[in-house]
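*Asks:* Please see the structure below; I have some questions.
All of the numbers you see were taken from the coordinates with simple rules; none came from a lab. The structure displayed is predicted, hence computed values, not measured ones. Positions of Cβ are backbone-derived with ideal geometry, glycine not excepted, and every protein chain shown enters the neighbour counts.
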Amino acid sequence: MAIVVRIDVELARRKMSVGEFAERVGLTPANVAVLKNGRAKAVRFSTLEAMCRVLECQPGDLLEWVED
């Protein structure tokens, strides 16, 4: 996968648990795990916006393109 999700890095920086993050964003912990592990095929802009709002970051802080 060429897009790497960096949610775990941002959660660690804020010392926030997956459970707390999931609750504040409005996702299930299982769906956060799918995102964190790179198994998601798509992310809604509304979800990305909520994640950025909760983590006070930019989309580029959460998503990174890496060459295969």
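*Asks:* Only one of (1) farther than 14 Å from VAL9 by Cβ; (2) within 11 Å of the chain's Cα centre (by Cα) is not met by LYS41, so which one is it?
*Replies:* For LYS41, the failing item is (2).
*Asks:* While we're on this one: What are the pairs, 6+ residues apart or on separate chains, where a residue within region 13-24 that is touching a residue at least 12 places away in the same chain (Cβ under 8 Å) has its Cβ under 6 Å from a residue that is of a type in the set (Val, Ile, Thr) and surrounded by 11 or more Cβ atoms within 10 Å (Cβ to Cβ)?
*Replies:* VAL18/VAL32; ARG24/VAL54
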